[in-house]
1. Just to confirm a number: summing +1 for Lys and Arg and -1 for Asp and Glu over residues other than B:Glu299 whose beta-carbon lies under 12 angstrom from that of B:Glu299, what do you get?
2. In terms of the ratio Rg/(2.2 N^0.38 Å) built on C-alpha atoms, what value belongs to the stretch B:355-511?
3. Taking Cα centroids, how far is the stretch C:1-57 from the stretch B:65-127 in Å?
4. In nm, to one decimal, how far is the B:Lys292 label point from the B:Glu21 one, both placed 7 Å along Cα→Cβ?
5. Stretched out fully, how many nm does the piece from A:Thr367 to A:Asp445 gain, at 0.36 nm a residue minus the Cα gap?
6. Counting only other residues whose beta carbon sits under 13 Å from that of A:Ser122, what net charge do I get with K and R as +1, D and E as -1?
7. Mind giving me the FRET efficiency for A:Gln432 and B:Asp258? R0 is 60 Å, r the Cβ-Cβ distance, nearest 0.05 is fine.
8. Report the convex hull volume per residue for the stretch A:445-503, counting only C-alpha atoms, in Å³.
Amino acid sequence: MARAELMDFDKALELFEPVIGLEVHVELNTTTKMFSPAPNPANSAYHGAEPNTLVSPVCLGLPGSLPVVNGDAVRSSISLGLALGCSIAPSSRFARKNYFYPDLAKNYQISQYDEPIAFEGSVQVELVNGRVFDVPIERAHMEEDAGKLTHVGGSTGRIQGAEYSLVDYNRAGVPLVEIVTKPIFGAEADAPELAKAYVSTIRDIALSLGISEARMERGNLRCDANVSLRPRGAEQLGIRTETKNVNSFRSIERAVRYEIQRQAAILAKGGSITQETRHWHEDTGTTSPGRPKSDADDYRYFPEPDLLPVVPSAELIEELRAALPEPPAAHRRRLKAEWGFTDLEFQDVANSGLLVELEETVKAGATPAAARKWWTGEIARLANAAGQDAASLVIPEHVAELAQLVDAGTLTDRLARQVLEGVVAGEGSPQQIVDARGLAVVSDDGALIAAIDEALASQPDVLAKIRDGKVQAAGAVIGAVMKAMHGKADAARVRELVLERAQG
Amino acid sequence: MSDDLIRLSAADLGAKLAAGEVSSVEATRAHLDRIAAVDGAVHAFLHVAGEHALETAAAVDAKRAAGDKLGPLAGVPIAVKDVLVTKGMPSTSGSRILEGWIPPYDATPVTKVREAGLVPLGKTNMDEFAMGSSTEHSAYGPTHNPWDLERIPGGSGGGSAASVAAFEAPLALGSDTGGSIRQPAHVTGTVGVKPTYGAVSRYGSIALASSLDQIGPVTRTVLDAALLHDVIAGHDPLDSTSIPESWPSMAEAVRRADVSGLRIGVIKELDGEGFQAGVRQRFHESLDLLAKQGAEIVEVSAPHFEYSIAAYYLILPAEASSNLAKFDSVRFGLRVTPDGGGTVEQVMAATREAGFGPEVKRRIILGTYALSAGYYDAYYGSAQKVRTLVQRDFDAAFEQVDVLASPTAPTTAFKFGEKLADPLSMYLNDIATIPANLAGVPGISVPAGLAPEDGLPVGIQFLAPAREDARLYNVGGVLEQLLEAEWGGPLLASAPDLSTHELTATEEGAL
Amino acid sequence: MSEISAEQVAHLANLARIALTDEEIGHLTTELAQIMHAVEKVSEVATPDVPPTSHPIPMQNVYRDDVVGASVLSVDEALAGAPERDGNRFVVSAILGEEQ
């Protein structure tokens, strides 16, 4: 495939105005699926189950099976709609979206079409530069997820060139809320960052509501990004592309940026954009064309005859509204005050999309300062190196545990970094790794004193200097002791003891 | 003895079983023997579960011997339309695409029937995916009408109706989307009931048109239908459209049947042109009998019924085109791979080409068209509006009368092949039965006699408001008593003796 | 409205994933036109003031509790009907199109 020509980003912005639209799918973490009483793999309790072990006749579309709506999924959807500032439809209904695909058991998806449960909302999104953007929401509707295909044969595991595919229907029927924005104007050069920050805000909202695990790397949160350009001064919107398969926050930003640069290069040459679905490739940082929009998109929607209208009472809506957590912006202000961070420190965390992680880490027992240090320091470094989101590497509970082990003197910072690597590698919790690797700091003074006495005895000149008051000479002894202890000693304590023994 | 057993009503057989005069194993064996003797000619069954039925029967006998409290139909055999999925028994819905498929679960009506101690004998033949009025669209060959083996037994549930008419089973389960229980009852001299939409769970019924389908009883007597109705009706949390309220006993409605003061409305639009003379004659004689018992007969008009067939043949194909999309060769059923392999798209298309019969393809294409972009409002949308108008006709009529009456179908049983080449004339067969499905109201077809011109059975249909199924059993029960008193016994007593027919055929070497 | 071409029927067959033969497309083109002509009758009375009915018995808010049900299948039950399986998964031939 020929590599697409790209225009310089700033140049593209000079010539064109970018207009973006975002579709975010949120997998709800209910115990069971949207229309089937089978366990929901988007709930952590069932994540990673063996293929086709979380299925009922409904998930497999077996002849005769019928869907029944999960009441909790409806409540979660209403809560999410309210948190997005949407109106909740007094009556909404499900519709069938008909198309054939082997991961879609019934060959129709139960979704909502002309009557979504929530519509017309707005979400405040804050950018790094402090700019606050109101992203307009068109609608949020309930639907079901499809199964998972694994392509076998061929070289890449991709669909092209595969010899056959394997189907796992565990994910079929997982409850989804699809949130669709209206076209977003005026973001200009911030458009790529806004896209990322918007999805990050949706994640914060979903997590604060407790309705989704919201882990992008697990597909709990998925984003399709629509991008179009129009020449400066033009009224009419340009032709848009829809980029799918954007599975991390960094990719969202990169994908939007890439599409702006790609489309600008084509338009500047007098070419035209094909209205199509494009796929994001994490490895190459590019998008490639999928199928063009065509007659095959005739989804033949009609009201789902097996299901009845969803007519939430005003009481229910008010009950759910009253239970909403504070909006993200207010929430941030409160956290900043509680944690005592400077503007810069707080921005640093917020821009990394790690507010929720920090909050959870503090909740799990770490000090705010320690939590910030780990997440924006070592974890961010590891994430960068791995090309992944920090939140996907480690869970807040483990970070808190690590910070507490350092506070208790069990680990030095250096040892703690080793333990963190173990946690990221999936070796277990920090405490388990400390136990397994025998990494704990030697806090038994007896063992330290023995090592110190030996070091002092072997370096009588150093001992003499210390006794003469040249305390800095102790460094040589401390180094020798740390070496003897294989680094598993608290250097401060060693220093104390060295001085004590030297005087003795 | 065994011939006596198969001719008993389910109620009487149940009573004998309860009294210990006969065992369920004996009753089951008698019916299996009957199937062996006559089903070669009738072909009501697609699958006979002989061994399994006898085991089930023995288990019921054991429970009875242990003193368990059993229901009135415990130990009574029953035939199950192949549209209902059955654990351990093949379920094909009359289609090649599901040949040999054994579901991992039971349909709710089947579960209820098993829990009530009934003994499933096997699965009955039907038009493929219940699309048809003659069983000629079954992928496994047609069922023959026990009254005349050259004629259709009605459809789609011709197998269930014929099994009951041929004394192969005292009871059967059917499904009715536009008349598939009532029209076969009409042409085979049996009783068939389409309950209120939502009265019987659709869970496990292989969907044809989800907003029209309803499961119901197929029997020889009104009381038997009521007893079976009482077993299968009731709320099912697995079917969202299942009505949550509880139901009065239909059997009680039959036992207390009384039509004095009952207002019966004759639907003007279903009592004239296009209806065979003998069909109309028996219809009016039945009404006269009811009038003599104190019923009040009035004429009512349902002006939008004439649009019913048009609306039905848009709604049904539209819903069916979507419901039948699941037959794609991936998780169950047939897989046909084109020569030299192919992509999954090609395998799906080849499978569906080979696995579906012509009528199913016709309706899928029709439904796909009716739902496609740009046509929805004109077709599907308009059909749903007609549905509203038909409901309003019913509402207006039921303000004047307690039940409505019409002939169940325009003609007696036609000969095989007579209407196959002309789908539209086949569709017209459902003119009297379709309005009930569009509106969700219950209907019953009760034998009204034989048409003088051809000696073939004729049925009369009664319709009641939604949730008022008991009214059907009331009026049906009275009419059955009155007619049997006139005839000197059940109508089916005058049906040809199939065992003799078989014997003759064998002697003549025709087999 | 009921002018239907063979190309249209071929397109519908593709949407419905049925590999109809040319002969079938020919028959269906004729039959479809006849049937559509007959059913177009609905538009005579389907005026804007009439609301559509999609459920014969009106009900609303039918939900189940969020608890795992008894209908969950074992892997073997799930795959028992599969034309082809590989371990715990269903096998399908190569997919021509793109990921959805």
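1. Local charge sum for B:Glu299: -1.
2. Normalised Cα radius of gyration, the stretch B:355-511: 1.37.
3. Using only Cα atoms to place each centre, the spacing works out to 36 Å.
4. According to this spin-label approximation, the distance is 3.0 nm.
5. Gain in length upon complete extension: 25.3 nm.
6. My count for the surroundings of A:Ser122 gives -1.
7. 0.15
8. Residue-normalised Cα hull volume stands at 63 Å³.
Laboratory data are not the source of any read-out in this text; all were calculated from the coordinates shown. Here the structure is a predicted model, which means the values were calculated and not measured. With ideal geometry, Cβ positions are generated from the backbone for all residues, glycine too; neighbour counts draw on all protein chains shown.
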